[in-house]
Structures are given as C-alpha cells and as structure tokens.
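Here is the structure we will look at.
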Amino acid sequence: MNIQFDADFVWGAATSGPQAEGTFHKKHENIFDYHYHTRPQDFYHNVGPDVASNFYNDYENDLALLKQAGVQALRISIQWTRLIDDLEAGTVDPVGADYYRRVFKTMHQLGITPYVNLHHFDLPVTLQHQYGGWQSKHVVDLYVKFATRCFELYSDQVTHWFTFNEPKVIVDGQYLYQFHYPNIVDGRMAVQAAYNLNLASAKAVAAFRQINRQPQGTIGTIVNLTPVYPASQAPEDLAAARFAEQWANDLYLEPAIHGRFPEELVARLKQDGVLWEATSDELAVIAANRIDVLGVNYYHPFRVQAPAVSPDSLQAWLPDIYFDNYDMPGRKMNLDKGWEIYPDALYDIAMTIKRRYDNLPWFVAENGIGVANEERFLKDGMVQDDYRIQFMTDHLRFLSQAIAEGANCHGYFVWTGIDCWSWLNAYKNRYGLIRNDLRNQTKSLKKSGHWFSQVAATGLVAPTLRPFESEEKNHG
Ligand code: BGP
C-alpha cells in the first residue's frame, strides 16, 4: 500500500558541524578534537574529526547534491568552537561568523531551509578542564552567551532554532557509559549534568525570545527518544520500565514542554540523596521558557526488565540500579551498530507526544541506518542501499499512521544527507543518502538519494521504487 504525506510535510536531512565541517580554521578544540589528539587509538581506524566530510570547504557542492537528493530543509549546527573567539567574553570570530553566513546564503539560494542547532556534543574542551563542563552553572551561562551571539548574528537568515541535540547522550557519554570525553562514571554527576543541560536550554530559549522579534521564528530542542518496553507485564518489570521511561525520556520532555521535572523521578532522586542542586530562580526560568517545537531523534527502542540485583545492595548510585537491559529474543537488529530495528516505536512516540505532551508540533529530526562496508553494495558506480529505503519506508509507514490519528508531526529528517564522521566510530558505519568516497572526498547519490528525491517531490512513499536512471546514464 502506498503512503501519502501532505504537500507541506517537510523532507529534510540532518548533520552536525563537528561531523561534517572538519576542523579547518576553528578557534578552539572541542572535547572530541581533544580526545582524538590525545588518544587517536580510541577512534575506529584512528580516524579523527579533522577533515570529516570537508563541508567547510565543499559546502557549495554538498548543498547542491543534497538538493538533488530532494532535501528541502537541512539541519546543521553552529560550532561554539568555531564561532566564538573569547569563550568567557563571548566575542565573535569574524572568520567563523562569515563562514556560517555564506552557508546560510547558499542554502537560501538553493531553496534549502536551515534548521540550526546550537550544540551537538561539541563542548569546548577548555570549559571541561577549567570548570568541569556541564557540571558548572558558569558553563551554562557561557553557552547562553554563545547562543545569544547566534541569534543576534543570524536571525535574518534562520527561523528554525534548536538549543541542543540529544542532551541525554551527553549525560550518558560523559558521565555513565564512557563514550564521550572525559569518560567519567558517576551517577550524581550525571544527574547534575542532566539538570544543567535542561537549565541551559531554558535560558537559551529566554535569550531567543528577548532577541528574536520575528513572528515566524521558533525555538525548540532535539531529544533522542527511546520508548521503553518492559520484558513482561510482571510488576517488577513494569516498575523497571516506569523508572527507565522517566529517566530516559521524561527528564528532558517534561522541563522543555511543561516547564517542570517529573515529580516521581525527583522524589526518587531526593530519597536516594543524588538530586541536583537547583535554585528557585532557575526553576522559574525553566517554568517560564518552554519550547515551541520538538525535534525527535529515533533509532531504537529501550527494552528493560527488573534488575537482577536489588537496588538496595551496597553499590554506587547509578540510574541502572533500577533496571537491566532486556535483549528480546527474535528482535530484528542492525548488527553493524548494535541497535534494534523497531519502526512501530515511532507510532508510540507520536501517541505519547499527543497524549502526554500537549500534541506539541514536532518532527523526526533524525532517523536512519548506519551500515558498515557499503562498498559491497556498489553496482555501476552507485551504492544500491535497498536496506536503507526499506528502513525509511517502514518508519514512515508508522509515522503516517500516527499522523492519520492526529499526531502533530510535520517533517522527517533522515540521518544523514552525506556520509559523515561518527564520533568514536569515525567512518565505520555509513548513514548517508549520498556516498562519500573518503579516498578523494568525492560524493555521489546512492540509490536511497534518488528514492528520497522522488518521495520529497511527491509526498508518496511507495513500497517499490519507480525506475530511475543513474546520473551518469541521464547525462550520457
Ligand atoms: C545520534 C547523533 C548523531 C549521529 C547518530 C548516529 O545520536 O545525534 O550525531 O551520530 O546518532 O549514531 P552514530 O554516529 O553513533 O552511529
């Protein structure tokens, strides 16, 4: 059965500064630049962020290719470490400022709408070293200075603003599961970082509303939602799932959308003696500055079961004392990344936003599949990524069903447009609609890029592709 989306549904792609631009002419190192320069062996094949997909130098060509792939809106991020000269004063580096202005101008010339995110895991490393990074309220205020500069500089170019990408992943990576520098394992610090990131987002929203007087400008945040499914309906599994849902999802959705923290979670953290430090003034800022729009990154569900070990055991506090991960037998996996594939969850996300989060306007800000060694699928010079087309089709089917039932979702942004650098995994898994041949940074549409352009042009997601010719053949 065909799936039809409305004509005003936005078909986009998402990327980020640190994963696309390369470090050319950057003023400061972020935590990943620093990690790479001190321990390159931690990165897949020792490949770091220095060149990434060379967007800094190649943005005109890249944007033209994205246009060919049907991308109507592109999510990018402004790098704090590129735009800001003096991190304390928040002064602007003219070279960085000019670069982003040129990128926005080219996007407008091509008819690609910029969706601009202000933080994509790329904390300046000196703020980590000097102040403890997201542990520090001073760092929160320095981030707000940077955000303010962005609004001042580009509100004539940008109307879709986002404060953060995936605050939960920052907390997980830096303070729990050791995949973002400084790779600490400390539950109490994780709790404080989660609070400070929510505070930083609300303060940036406040700054935006002071500066941006354009009626059409909106501001939101982007969260990775991992809907929680219990292993069974046994009370212990349900209790584990309840905590996991509050910890993984509500901790970010509640403050952003309702201006408050989930009560039950707060009570639990307080009882456990790990609740964040907060002032009543800060809580008032969070209450008063809610987002206009939500970006949702969805990749995989979060299946949990009751913890094998009682949370009352003598152990350091971590959120995981309340749940164990559950590997559901027979689940479908993307084995290259280790993530379950479960498109049904997109429907569940939509219904949760509808029922519990005021049916706030939202869009899929990232969804996609990263596959290793895609060269094996090269035929006639094109990656035949039917698995990616299938992945997107399956997710779009559940999304379309949710929209038919009243979900307020207005766009689908694939991760990603052009194969880009993926943190510790570097270039292991490729996500793009467009292949990047790393030997020479040559970029060309994959089969999914052609498919996406058809979908974007018609709003029609067909189970099979209409025949199309490769670029070479078209021109031949
Ligand atoms: C999201 C990030 C993206 C991107 C994506 C794919 O969490 O927002 O930056 O990287 O995941 O994951 P990965 O690159 O780890 O394979």
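Listed values, structure above:
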{"read-out": "Lys, Arg +1 and Asp, Glu -1 on Cβ, resulting dipole of the chain about Cα centre, debye, nearest 20", "value": "720"}
{"read-out": "Mean-position separation - Cα centroids, the range 323-376 and the range 387-418, in angstrom", "value": "11"}
{"read-out": "Above-threshold pairs, the threshold being 28 Å between Cα atoms, out of Lys26/Lys203; Lys26/Lys137; Lys145/Lys428; Lys337/Lys379; Lys203/Lys443; Lys203/Lys337", "value": "Lys145/Lys428; Lys203/Lys443; Lys203/Lys337"}
{"read-out": "Inter-label distance, nm, simple model (7 Å from Cα along the C-beta direction), Gln130/Asn61", "value": "3.8"}
{"read-out": "Percent RCO, i.e. relative contact order, over the range 3-474, from Cα pairs under 8 Å lying at least 6 residues apart", "value": "20"}
{"read-out": "Linear extension gain, His37 paired with Thr458, 0.36 nm per residue minus alpha-carbon span", "value": "147.0 nm"}
{"read-out": "Cβ crowding within 10 Å averaged over residues, with 237-243, 362-368 ranked highest first", "value": "362-368, 237-243"}
{"read-out": "Highest to lowest packing among 167-179, 400-412, 66-78, scored as the average C-beta count within 10 Å", "value": "66-78, 167-179, 400-412"}
{"read-out": "Peptide ranges 342-355, 420-433 listed from the most packed, as the mean C-beta count within 10 angstrom indicates", "value": "420-433, 342-355"}
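Bear in mind these aren't lab numbers, they're just calculated from the coordinates by the rules spelled out. The structure displayed is predicted, hence computed values, not measured ones. Glycine gets a Cβ as well: all are built from the backbone with ideal geometry, and neighbour counts include every protein chain shown.
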